[in-house]
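Worksheet: the structure to be examined is printed underneath.
The values are calculated or read from the model by the stated rules, or taken from the named source; none is laboratory data. Values in this document were obtained by computation on a predicted structure and should not be read as measured data. Virtual Cβ from ideal backbone geometry, glycine too; neighbours counted across all protein chains shown.
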């Protein structure tokens, strides 16, 4: 990947000399070493992950896998296979070919902009001194992260709540964080 | 070497952007985008989620280098693109039809594209409706989009339109099916937040074959194509939606090439075959958020999310936080939460 120099716009409103801004950007000492990301793309990493077979198939089936196969970074709060299992008949309904749009809407609610690791979430929670922290989703809502003890929980705007259920997958262009519940209300139905 | 736009220039440009966006806030991101390599003329700054109407990341057609190529093949709705350049962001693959079959209504042929020429010949510029008046910027909606229901297209979905059955598929007849959770605009996040003039609270809505449709007394009277449904790889782009281009920066960043090769709708970027108008790939999901220097970073960016390849350079510290959105990193004052610097990430 060829990196071109980033273009920067500095505001006088910030009242910072240019040199200071540049210094702030360039000399910041990493507080922690970033996790070594796999060279694989996020789509590829998810595709080979045990326990994420449903979401991997859903990404392919809806055509969204290509989004996670490129340069732009995303974080997927990836419902694990058990999470879809909790939906009962609605899971089959979502997987039905004619309901690809519904599955896409579900997936979109789990996508965060950028590259977010569990460590990043923990750091934000620590900085917030125990208060919840929020991240935008690509569905336009926010997901709220909280931690109680060792349990990291994500809560969607509609009240759906999930716990991080496994180790995150770090890829070249994003992160997949397994969660144990689908973060969008999908009422159980018996008739797909 | 970093490139800066500083001081008074930044303020002046920000001010011009603000003045170009009297609506501000929701739906107001479209007008003043300067395109190119700087974000200085970004209109609004808040999200503008209208279905293609509110937000535009640029207004210049053409421009931007490094364009990709589509193989020139005509007809049909099949994936036939090739060689999308080195970025490889969105290899044009069809959805895995072993898992999902294409929606029936989306199986169109090239004839449907002629509909617009007859019934939707006059376009109106949504941005212009808000007083910006620049008909070269942003998305245009077909004349069929009624006032007050922006986001819906009046008429029958393309697949059904050809059947001459009054646009009343048997499966949607009143009493023929049990309404389910996704027969509601709010489940799809289509509500006043994102589609600001649509009257989503009234009407008999249902999901049908890749569309959200609204039914009247005599059948479907309005429709909206959905990501992963009608808007899935292999299907034709609905002719009722026109587009101008993203700014060259976004064309470069997302690697989509020239305007005829992509569509941007509802915060989703699609690649299309310029000849057939078939969707060949879903390229990117966008937040639609554009912020300016001096603006307060809004809620929803509490967590450090800088791409991995920039983490060594832009890491949170006592003097600055860094947040990413749509191809841009924002340097934020940790105390005031005011945006100090806008950093583009062309790679």
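The rows are residues; the columns are (1) more than 9 Å from chain A (Cβ to nearest Cβ); (2) closer than 21 Å to residue B:190 by Cα; (3) touching a residue at least 40 places away in the same chain (Cβ under 8 Å); (4) within 22 Å of the chain's Cα centre (by Cα).
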residue: B:238; (1), (2), (3), (4): yes, yes, yes, yes
residue: B:257; (1), (2), (3), (4): yes, no, yes, yes
residue: B:265; (1), (2), (3), (4): yes, yes, yes, yes
residue: B:287; (1), (2), (3), (4): no, yes, yes, yes
residue: B:303; (1), (2), (3), (4): no, no, no, no
| task | Assess whether residue A:33 counts as being closer than 22 Å to residue A:124 by Cα and modelled with pLDDT of 95 or more. | result | no
| field | Matching option when the condition is within 7 Å of another protein chain (Cβ to nearest Cβ) and touching a residue at least 60 places away in the same chain (Cβ under 8 Å), among B:345, B:338 | value | B:345
| query | If residue A:146 satisfies every condition in (1) farther than 16 Å from residue B:181 by Cα; (2) modelled with pLDDT under 95; (3) surrounded by fewer than 21 Cβ atoms within 10 Å (Cβ to Cβ) but one, which is the exception? | reply | (2)
| task | Can you confirm whether region A:105-113 contains a residue that is at the interface with chain B (Cβ under 7 Å from one of its Cβ atoms) and more than 13 Å from the chain's Cα centre (by Cα)? | result | yes
| request: Would you be able to tell me the number of residues in region B:303-319 that are under 22 Å from residue A:154 (Cα atoms) and surrounded by fewer than 24 Cβ atoms within 10 Å (Cβ to Cβ)? | output: 1
| field | Condition check for residue B:269: facing chain A (nearest Cβ under 7 Å) and either out of contact with any strand residue (DSSP E or B) (no Cβ under 9 Å at 6 or more places or on another chain) or at pLDDT below 95 (or both) | value | no
| message | When you check residue A:62 against the structure, is it within 7 Å of chain B (Cβ to nearest Cβ), within 20 Å of residue B:232 (Cα to Cα), touching a helix residue (DSSP H, G or I) at 6+ places or on another chain (Cβ under 6 Å) and at pLDDT 95 or above, yes or no? | response | yes
| request: For region B:305-315, enumerate the residues that are at the interface with chain A (Cβ under 7 Å from one of its Cβ atoms) and touching a strand residue (DSSP E or B) at 6+ places or on another chain (Cβ under 8 Å). | output: B:305, B:306, B:307, B:308, B:314, B:315
| message | When the residues of region A:103-136 are narrowed to those that are free of Cβ contacts under 8 Å to residues at least 40 places away in the same chain and in a loop (DSSP other than H, G, I, E, B), which ends up farthest from residue B:189 (Cα to Cα)? | response | A:129
| task | Report the residue count in region B:240-255 for those that are surrounded by 24 or more Cβ atoms within 10 Å (Cβ to Cβ) and either facing another protein chain (nearest Cβ under 9 Å) or assigned to a strand (DSSP E or B) (or both). | result | 4
| message | Quick check on this structure: which one of A:59, A:76 is part of a helix (DSSP H, G or I) and under 15 Å from the mean Cα position of the chain (by Cα)? | response | A:59
| task | Tell me which residues, restricted to region B:289-301, are touching a helix residue (DSSP H, G or I) at 6+ places or on another chain (Cβ under 8 Å) and within 7 Å of another protein chain (Cβ to nearest Cβ). | result | B:293, B:294
| So which residues in region A:79-91 are touching a helix residue (DSSP H, G or I) at 6+ places or on another chain (Cβ under 9 Å) and assigned to a loop (DSSP other than H, G, I, E, B)? | A:80, A:87
